[in-house]
Amino acid sequence: MKEQIIALLNTYENAAYLISIVINIIISILGLVPSVFLTAANLAVFGFWKGTFLSFAGQAFKAIVSLMNLGFYKESDFHYMAVGYKGHTIYVVNQEENKTLGQGGFYSKDDGKTWLQSQLNGLPQTAAGTIAAHPTDENMVGISTPEGIFVSKDNGNTFERFTRKINTTTFVFQEKSILFAAVENNKPILIKQSLDSKQEEVLSVPKLDEKDHIMYMASNPTNEKEIVIATMNGDIFMTKNNGESWTRLASKGKIF
């Protein structure tokens, strides 16, 4: 299936971006083809970062269709939502009660047909920053807080502290580690921490403006050395070598 999509995108090169988004919407409506095939085709045709961006754009349209199908469209705005790279379990934190979900954390293992409430035991009574799901372990989900990152291995029912107490701003799961950004001594830091040993590896951070911090990040699930970060001031940087060197992609929200 991936090969057929690649052939289609290459044949109609001038309209490839639009075709990819349309295919994503069709997948959402019909559910006949796993979206992983389209993501793989996007990466093969457009390269990792353009392919990833295009997949995200398609997923945005797909999300609107999916929310309509699930009955949440114009009813809930999930600011906290996560799903693993190869998983199908959907995690949401619902801030306003609707006809289907109450307030709190919920997860679905059947594409939103049914939802179970996560108990969120062990989480501190502080504001949540980021929610992320493990790329392959569908039972593992994490939430960042001003006190650090807390990880659950049972679909969000019980959480345990994973990092030391540190003000984390964002994080992503990698297969065997967590990559997170934090603020320490008023300076941004980037740390990769093993899920097994919890050993920390400090990565270099590109030079940022004073008082600027890392607010978003993405890690290539097929090549973990490739990382993109975005800052509070709208600067975007990319590394292909685990932080040894960084390339600036945007400055104050303007893409080069």
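The values are calculated or read from the model by the stated rules, or taken from the named source; none is laboratory data. Note that the coordinates shown come from a computational prediction; the quantities given were computed from them, not determined experimentally. Neighbour counts are summed over all protein chains in view; Cβ atoms, including those assigned to glycine, are modelled from backbone coordinates with ideal geometry.
Annotations for the structure displayed:
- The set of residues in segment 130-146 being surrounded by fewer than 19 Cβ atoms within 10 Å (Cβ to Cβ) and closer than 20 Å to M232 by Cβ consists of P146 alone.
To keep it simple, each residue is scored yes or no on (1) under 27 Å from M215 (Cβ atoms); (2) without any contact (Cβ under 8 Å) to a residue 12 or more places away in the chain.
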site: V83; (1), (2): yes, no
site: Y91; (1), (2): yes, no
site: N94; (1), (2): yes, no
site: K99; (1), (2): no, no
site: T114; (1), (2): no, yes
site: Q117; (1), (2): no, no
site: A128; (1), (2): yes, no
site: G142; (1), (2): yes, no
site: G156; (1), (2): yes, no
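- Residues of segment 225-241 satisfying the condition of being over 15 Å from T170 (Cβ atoms) and in contact with an Asp or Glu (Cβ under 6 Å, 6 or more places away or on another chain): K240
- Criterion (within 28 Å of L116 (Cα to Cα), of a type in the set (S, T, N, Q) and crowded, with 19+ Cβ neighbours inside 10 Å) met by exactly one of T163, T158: T163
- Test set (1) over 25 Å from I90 (Cα atoms); (2) of a type in the set (A, V, I, L, M); (3) surrounded by 19 or more Cβ atoms within 10 Å (Cβ to Cβ) - V151 fails condition number: (1)
- Matching residues in segment 95-110 - criterion: being under 15 Å from N155 (Cα atoms) and modelled with pLDDT under 90: G104, D110
- Tally, over segment 193-211, of residues that are modelled with pLDDT under 95 and over 16 Å from V228 (Cβ atoms): 4
- If you go through segment 169-192 and keep only what is hydroxyl-bearing (S, T, Y) and at pLDDT 95 or above, you end up with just S177.
- Those strands (runs of 3 or more DSSP E) lying entirely in segment 78-139 with at least 1 residues over 23 Å from T169 (Cβ atoms): 90-94, 104-108, 116-118
- Hey, S251 more than 21 Å from the chain's Cα centre (by Cα), more than 19 Å from V151 (Cα to Cα) and among the small types (G, A, S) or not: yes
- Of residues in segment 199-234 being in a loop (DSSP other than H, G, I, E, B) and among the polar types (S, T, N, Q), the one surrounded by the fewest Cβ atoms within 10 Å (Cβ to Cβ): Q199
- Number of positions in segment 63-77 that are part of a loop (DSSP other than H, G, I, E, B) and either modelled with pLDDT of 85 or more or surrounded by fewer than 18 Cβ atoms within 10 Å (Cβ to Cβ) (or both): 5
- Residues in segment 81-108 that are small (G, A, S) and more than 19 Å from K176 (Cα to Cα): 4 in all.
- Only one of the numbered conditions (1) farther than 24 Å from S118 by Cβ; (2) buried (at least 18 other Cβ atoms within 10 Å of the Cβ) is not met by F173, and that is (1).
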